[in-house]
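These notes concern the structure reproduced below.
The values are calculated or read from the model by the stated rules, or taken from the named source; none is laboratory data. Source: prediction; values computed, not measured. A quick note on method: Cβ atoms are made from the backbone with ideal geometry, for glycine too, and the neighbour counts reach across all protein chains shown. Note: areas computed on protein heavy atoms with side chains; ligands, DNA, RNA excluded. Shrake-Rupley method; radii C 1.70, N 1.55, O 1.52, S 1.80 Å.
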Amino acid sequence: MKKWLLAAGLGLAMVTSAQAADKIAIVNMGSLFQQVAQKTGVSATLENEFKGRAGELQGMENDLQAKMQRLQRDGSTMKASERSKMEKDVMAQRQTFSQKAQAFEQDRQRRSNEERGKLVTRIQSAVKAVAADQSIDLVVDANAVAYNSKDVKDITADVLKQVK
């Protein structure tokens, strides 16, 4: 009797999971991310935000290269004290530039990750809304699926409309 109940319960669970599998859709998250990022202008926003610091770093780099070239070109004809002073100046400037460049890159990466997180949150909310509207139980990233039949619905376009 216990075996029969266990078998019936297992069969019922399999039927229920098979019915739920009928409501599966795919979405191309990579494509959505690119399209939403382009439409919202995230790249341009970040570029404008860091434009001033990037220009300052470029100026520092140009100045440093000019000093290094001058040191190479005129170093053999300079007085020892003048050459030593210029070498110390170049080393100090190189260290300052390196620190500022590293801080700049970290800040830029942090802001990029923040903006990426915002986009992912918007896309996930849109996926949930479309799935709820269309009574879909499971949405899978199209890039993570090895094979899907023509019967599986692709909701990428619907999600893109929802994100706007």
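Of note:
- When mean projected area of the Cα convex hull in nm² is calculated for this entry, the matching label among [x] 8.8; [y] 17.6; [z] 10.2 is [y].
- Which listed pairs, of K118/K164; K51/K161; K79/K100; K23/K150; K51/K164; K118/K161, have C-alpha distances above 25 Å, in listed order: K51/K161; K79/K100; K51/K164
- Percent RCO, i.e. relative contact order, over the chain, from Cα pairs under 8 Å lying at least 6 residues apart: 50 percent
- For the chain, the dipole from Cβ point charges (+1 on Lys and Arg, -1 on Asp and Glu) about the Cα centre works out to 300 debye, to the nearest 20.
- Within the accessible area of the stretch 54-158 (1.4 Å probe), percent carbon and sulfur: 49 percent
- In the chain, a dipole from Cβ-located charges (positive for Lys and Arg, negative for Asp and Glu) runs towards its positive end, and of L71, V120, I26 it is L71 whose Cα lies farthest in that direction.
- Length gained when the stretch A129-Q106 is fully extended (0.36 nm per residue, less Cα-Cα span): 4.8 nm
- Residue among K79, K128, K118 with the largest mean-square fluctuation in a Gaussian network model of the chain, springs linking Cα atoms under 10 Å: K79
- For the chain, built as a Gaussian network whose Cα springs stay under 10 Å, the top-fluctuating residue of S81, S98, S43: S81
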